[in-house]
Amino acid sequence: MNSAHPAVQLHQVTRVHGSKNTGVAALDNVSLTCPPGTWTAVMGPSGSGKSTLLHCAAGLDQVTSGRVLLAGHDITAAPDSVLTALRRRTIGFVFQTFNLISSLTAEQNVAFPAKLAGLRVSKRDVRAVLAGVGLADRATHRPRELSGGQQQRVAIARAMITRPAVLFADEPTGALDSASAKTVLALLRDMVRTAGQTILMVTHDPAVAASADTVIFLADGRIVDGLHAPTTHDVAERLAKLES
Amino acid sequence: MFQMSFSTFRERWELFAGAMLSVAVGVALVQASILVLAATGNPRIPPGLTRQQEDEVREGFVGAATVMGMTAFLAMFLAVFIVSSTFGFTVAQRRRDLALLRLTGGSRGQLRALLLSESLLLGVIGSGLGVPFGLVAQHVQIWLLIEIGLLPDGFTAPWRGWAAIVACVIGIGVALTGVFTASLRAARIRPLEALRETGKAARVMNTSRWLFGLSSAACTVAMIVWAQSTNLIGALLAALGISMCGAVAMSQLSPLVVPLTAWLLPGGLVRANLREGVRRSAATASPLIVLVALLLGLSGTFGSLAAAGGEEAKRSVNAQLVVTSTGEEAERLPAVEGIAVASRQNAVDITITAEVPDEGTTRYYSGIVAVDAADYARTHKLTPSAWNLAGLTGATVFTGPARHGDGINPGQVLSVDAAGQPLQLTVVGGLLETLEAGDSFLLPREVLPRHVWSGAPTETVVQVAPGQNPADVAQRIRQQGFGDVRTVAEWATARAKHAQDGNVEILIVLMGLAGLYALMAVVNAAVIAGTERRREFAVARVTGLTRRQVIASAVAEAVAVALIGVVLGCVVAGAGLAGIGAAVRKAIGVTVVDVPWALLAVVVIGSVAVVATTSGATAAVATRQRPVELVTAKE
Ligand SMILES: Nc1ncnc2c1ncn2[C@@H]1O[C@H](COP(=O)(O)OP(=O)(O)O)[C@@H](O)[C@H]1O
Ligand SMILES: [Mg+2]
């Protein structure tokens, strides 16, 4: 991975939904840098632009103005083929809803992105990754036969197998009970600490945000606050202030 | 990609079942039609027939070939239609899955490849089923064609391996053609759509619908306008064109038209659902629109033409009665009291050989009528032509309406073989074309040996003397031993019916087929809609509706959609018939339109019954599970 460059860099990014004059700015002049091997959490009230930030950073949404760089590549106006290539090799996604393909088994879901990318993955590798997320015995189950936490772990396994430089996660624990949430967080921590991957994660749970290296706070599309090495207590306090 | 296609197929086979079946039926019909066509290409005429009968057999073969060609074409057209609407449906339904593929690194090309390989799979399975179906279809088709008299008894079509191969290739081609627009649409799905919670469903009126819908609508309107000012052949073509284009236009634009029509219904849940489930109601209504427009449009068109032909025939004679007998018997008619003129017209079995500009030497065996020119002229109001029937004496011949435009011109000498006796007849004139095909040649009876016409089937057109009551004269003729005496009106009606007979039977074959496809499409739409609505039904039950109420409202909604489809189809068919009516008016001076009421009733009752049953059954299946399991079910 290109460690000379920041993994994610947003440069005065504005994203307006609707027409430029009358629309609402979901992001308003946001700048943000995530160095490689770090874990950043994004917090803020509902509607503050957290998801929009993540989508713009991942090249899923077009910014209205400003620049977005991913592992040193300027993707602001990148064509679809470039973005597709990035999605195959450089970035991965984990979302609140589990986003598995319902007709494929757990192991097929995990192996699929690699296959799309034309990479050869052995069944052994796939099983190993699934075992890594504690699902060795569920490899041939379909999503509807798995619990929410298990589905989320399959999604993480899918994001792990290609070892993406950057993982984007939007409320990855939002739909999970606390035990499942703990397992998932442990997996994410492992990706950052052991594999040196970068995570940009949206959450509204202070305890989850406290696992990250850095927390930034959004309100009305602007970054209004930030914390390094946060504790749950600090995060909750700042958030309460924002929401009041 | 194939792995994904396979698992999608396994998982959602019921979504594809209808499309697969329609490809299979298409392949079966194409294969059967090719085999029958190949066999009719080299007609084996049974021995011991008169030349007129041989002519009929040959014509039958041509008719059979036409039916086969039309069947195969229609089957393919409709199969493409069903496959494409099925994939349109599944792409809309699987939007999130497809967006997810993009999100996890799938390229646009891979998405297209996925859908193409799904449809390839569908085409291969459908074709595989189609070949054995084809053997059955072939038996049924041959039986039908023999039954309606187009093929002689004992007709067989030998098996040819290449026909199966051609049919399979066509079947796979149909599947791939059908998926084409859906695959383009799928490739445009953006990865972000995988993340939208309330993923705004794709617009139902997408670009290709607008494009096809509006261009077909424009074609339809142009043809409607044109039909008002063209001749009969033009109007006929326009009516067929209006039925087809109009059906396509209405069904493509049905997501707009159906909800609009729903305003006419009484309010409530059904109307709300119709407007909400636009895609679903459009999918049910469009096959019905196509069916009704084609069915009523075509049969109404042919029916009107035949009725107009009868009307024209009635107006073309200046007489009251028509007597059918042999030539010999007819000779007694002029002597019957109260008859002013009895024009005897013998359909003689002779051969006329003519040099026809485009076709070279041609032999004619049928439609040759021997007449007394003077009697014929007095009993027929002939369309003014440059030629005078008075010239039809001695070694002469007139071309009939059926040969008008063949290029057999006055002055030409035709060789005639009248039961072994050679004659040379000079063409001295011709009759103008009529709506019905009519006769081929008129020649003076006096040039023929008596035995040639004495046994020939003869129609005598009788003009009663002034002051005589036609009914009394008819009575007198019957008393003379003539069994078959009809008024001109009865004769014209019977003629129209006879002229339409072949058409009606061919139509029944084609319509049965179109009906079968419409049925498959409707069932397909109902099944897809049912699976799609599982959750919605569950929510309705959780909020207090009983299972019976849920099923009843699904049925009511489907029946309303079916009726809307039928009405819209009738609008299209009506536009075609209006053109025919105008053209007929110009040709013969009165408007003659034959509305196939009985067929309409059958179609309405049939489609409502099918739609009610399938929607009821799928709703029953979809609500079998306890609602709470579905409402709380995860993604
Ligand atoms: N597709 C869209 N069209 C119009 N407005 C949108 C769209 N997506 C998001 N928004 C608006 O942008 C703002 C930020 O949304 P979002 O990023 O989803 O917030 P968060 O994830 O923080 O809850 C909200 O006001 C939302 O209504
Ligand atoms: Mg959000």
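Going through (1) under 24 Å from residue B:458 (Cα atoms); (2) open to solvent by 20 Å² or more (accessible area, probe 1.4 Å) one by one, residue B:411 falls short only on (1).
Considering only residues in the range A:45-56 that are open to solvent by 20 Å² or more (accessible area, probe 1.4 Å) and in a loop (DSSP other than H, G, I, E, B), the one that is farthest from ligand 1 (Cβ to nearest atom) turns out to be A:45.
Residues that are touching a Lys or Arg at 6+ places or on another chain (Cβ under 8 Å) and farther than 30 Å from residue A:87 by Cα, at least 3 per element: which helices (runs of 4 or more DSSP H) completely within the range B:88-197 meet that?
none
For the condition surrounded by 15 or more Cβ atoms within 10 Å (Cβ to Cβ) and either farther than 25 Å from residue A:47 by Cα or β-branched (Val, Ile, Thr) (or both), residue A:206 does not qualify. Taking the range A:57-85 as the range and being within 18 Å of residue B:189 (Cβ to Cβ), more than 16 Å from ligand 1 (Cβ to nearest atom) and in contact (Cβ under 8 Å) with a residue 24 or more places away in the chain as the test, only A:83 passes.
Listed residues B:576, B:530; which is under 21 Å from residue B:16 (Cα atoms) and buried (at least 21 other Cβ atoms within 10 Å of the Cβ)? Steps first, answer last, please.
On the way: B:576 fails: under 21 Å from residue B:16 (Cα atoms).
After applying the criteria, what remains is B:530.
Once the range B:339-369 is narrowed to residues that are charged (D, E, K, R) and either touching a residue at least 60 places away in the same chain (Cβ under 8 Å) or touching a Phe, Trp or Tyr at 6+ places or on another chain (Cβ under 7 Å) (or both), the residue that is least open to solvent (accessible area, probe 1.4 Å) is B:344.
Test residue B:57 against the criterion of being more than 14 Å from every other protein chain (Cβ to nearest Cβ) and touching a Cys at 6+ places or on another chain (Cβ under 8 Å), and give yes or no. No, not satisfied. Can you find even one residue in the range B:67-81 that is open to solvent by 20 Å² or more (accessible area, probe 1.4 Å), assigned to a helix (DSSP H, G or I) and polar (S, T, N, Q)? Looking for residues that are open to solvent by 20 Å² or more (accessible area, probe 1.4 Å), assigned to a helix (DSSP H, G or I) and polar (S, T, N, Q), one finds none in the range B:67-81, hence no.
Residues checked against (1) on the phi < 0 side of the Ramachandran plot; (2) at pLDDT 90 or above; (3) within 16 Å of ligand 1 (Cβ to nearest atom):
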| residue | (1), (2), (3) |
| --- | --- |
| A:142 | yes, no, no |
| A:164 | yes, no, no |
| A:167 | yes, yes, no |
| A:172 | yes, no, yes |
| A:176 | yes, no, no |
| A:180 | yes, no, no |
| A:187 | yes, no, no |
| A:202 | yes, yes, yes |
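Being over 22 Å from residue B:380 (Cα atoms), part of a helix (DSSP H, G or I) and hydrophobic (A, V, I, L, M, F, W, C), is that true of even one residue in the range B:404-413? Among the residues of the range B:404-413, not one is over 22 Å from residue B:380 (Cα atoms), part of a helix (DSSP H, G or I) and hydrophobic (A, V, I, L, M, F, W, C), which makes the answer no. Condition test on residue A:139, is it of a type in the set (A, V, I, L, M), away from every other protein chain (no Cβ under 13 Å) and away from ligand 2 (no atom under 16 Å from the Cβ)? Judged against the criteria, residue A:139 is a match. Listed by first and then second residue, the pairs with beta-carbon distance under 6 Å, at least 6 apart or on different chains, first residue in the range A:189-214 and more than 14 Å from ligand 2 (Cβ to nearest atom), second open to solvent by 50 Å² or more (accessible area, probe 1.4 Å), are A:198/A:36; A:206/A:232; A:207/A:232; A:210/A:231; A:210/A:232; A:214/A:228. Taking only the range A:20-44 into account, find how many residues are modelled with pLDDT under 90 and within 11 Å of ligand 1 (Cβ to nearest atom). Result for the range A:20-44: 3.
Across the range A:90-99, the qualifying residues are those that are more than 8 Å from chain B (Cβ to nearest Cβ) and open to solvent by 20 Å² or more (accessible area, probe 1.4 Å), and the one among them that is nearest to the chain's Cα centre (by Cα) is A:96. What's the total number of residues in the range A:37-56 that are free of Cβ contacts under 8 Å to residues at least 60 places away in the same chain and under 16 Å from residue B:193 (Cα atoms)? So the answer is 2.
The values are calculated or read from the model by the stated rules, or taken from the named source; none is laboratory data. The shown structure was predicted, so the numbers you read here are calculated from the model rather than taken from an experiment. Glycine gets a Cβ as well: all are built from the backbone with ideal geometry, and neighbour counts include every protein chain shown. With ligands, DNA and RNA removed, areas are computed over all heavy atoms of the protein, side chains included. Shrake-Rupley method; radii C 1.70, N 1.55, O 1.52, S 1.80 Å.
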